[in-house]
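To start, the structure itself, in structure tokens.
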Amino acid sequence: MKLTPWMLAVAAFLMIAVLAVGFLFKRLFAVEPTVRPEVERRNVPMALSDIAPGTLIKANFIGDGPASPADLTRDTILSSGGVVGRIARNKIDAAQPLKLSDFYPFGEGPEIELAPGNRLVSVDVGNGCAHSRLRE
């Protein structure tokens with residue numbers, strides 16, 4: 001078959017017609033994409049694993065994780081610096097935002113229970129002064 005200028009013109013016209021029809025069908029059946037609302041999140045300190053009461057918190061026990069601002073309360077800790085070195089007061093579940101009420105204040109811990117007739121003596125060696133506290 002010999003290719004003539006007339007056949008080239010018809011082939012070009014047919015290709016343009018097919019593209020135009022395809023464009024029209026696309027416009028007719030197109031659906032507006034639905035935009036999902038972006039969920040607002042904030043990274044807050046969370047326990048990497050479950051923490052038992054009485055555990056001294058170290059930096060490798062804590063990591064940051066996303067939390068919904070609606071789930072955060074005034075008691076929620078927003079910086080891991082406020083947690084390291086404290087002692088857990090309650091059982092802390094993994095991957096949950098940490099709360100101040102889950103920890104004893106800095107320098108404090110659980111009450112030490114002594115058997116009757118025993119004494120508790122503490123010696124502060126951090127600043128060179130020795131203190132003792134007697135309990136009966």
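Here's the yes/no breakdown for (1) within 17 Å of Ile77 (Cβ to Cβ); (2) touching a Gly at 6+ places or on another chain (Cβ under 9 Å):
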| residue | (1), (2) |
| --- | --- |
| Leu19 | no, no |
| Arg27 | no, no |
| Val31 | no, no |
| Arg41 | yes, no |
| Val44 | yes, yes |
Looking only at segment 79-95, and only at residues there that are surrounded by 15 or more Cβ atoms within 10 Å (Cβ to Cβ) and closer than 25 Å to Glu40 by Cβ, the one that is modelled with the highest pLDDT: Ile92
Any hit, segment 1-17, residues being surrounded by 11 or more Cβ atoms within 10 Å (Cβ to Cβ) and touching a residue at least 12 places away in the same chain (Cβ under 8 Å): no
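Rundown of residues vs (1) loosely packed, with under 13 Cβ neighbours inside 10 Å; (2) closer than 17 Å to Ser101 by Cβ; (3) of a type in the set (Asp, Glu), yes/no style:
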| site | (1), (2), (3) |
| --- | --- |
| Val31 | yes, no, no |
| Thr34 | yes, no, no |
| Glu40 | yes, no, yes |
| Met46 | no, yes, no |
| Ala52 | yes, yes, no |
| Thr55 | no, yes, no |
| Lys58 | yes, no, no |
| Phe61 | no, no, no |
| Gly65 | no, no, no |
Hey, Val35 hydrophobic (A, V, I, L, M, F, W, C) and closer than 30 Å to Glu111 by Cα or not: no
Count of segment 29-75 residues which are touching a residue at least 12 places away in the same chain (Cβ under 8 Å), among the hydroxyl-bearing types (Ser, Thr, Tyr) and over 30 Å from Ile112 (Cα atoms): 2
Pair list, Cβ < 8 Å and 6+ apart or interchain, from segment 96-124 residues that are farther than 30 Å from Arg41 by Cα to residues that are part of a loop (DSSP other than H, G, I, E, B) and polar (S, T, N, Q): Val121/Ser132; Ser122/Ser132; Val123/Ser132
Matching option when the condition is aliphatic (A, V, I, L, M) and at negative phi, among Ala95, Ala70: Ala70
Residue that is nearest to Val84 (Cα to Cα) [pool: residues in segment 99-136 that are basic (Lys, Arg) and modelled with pLDDT under 60]: Arg133
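The values are calculated or read from the model by the stated rules, or taken from the named source; none is laboratory data. Since we're looking at a predicted model, the values are computed, not measured. Cβ sites come from the backbone with ideal geometry, for glycine too, and all protein chains shown count toward neighbours.
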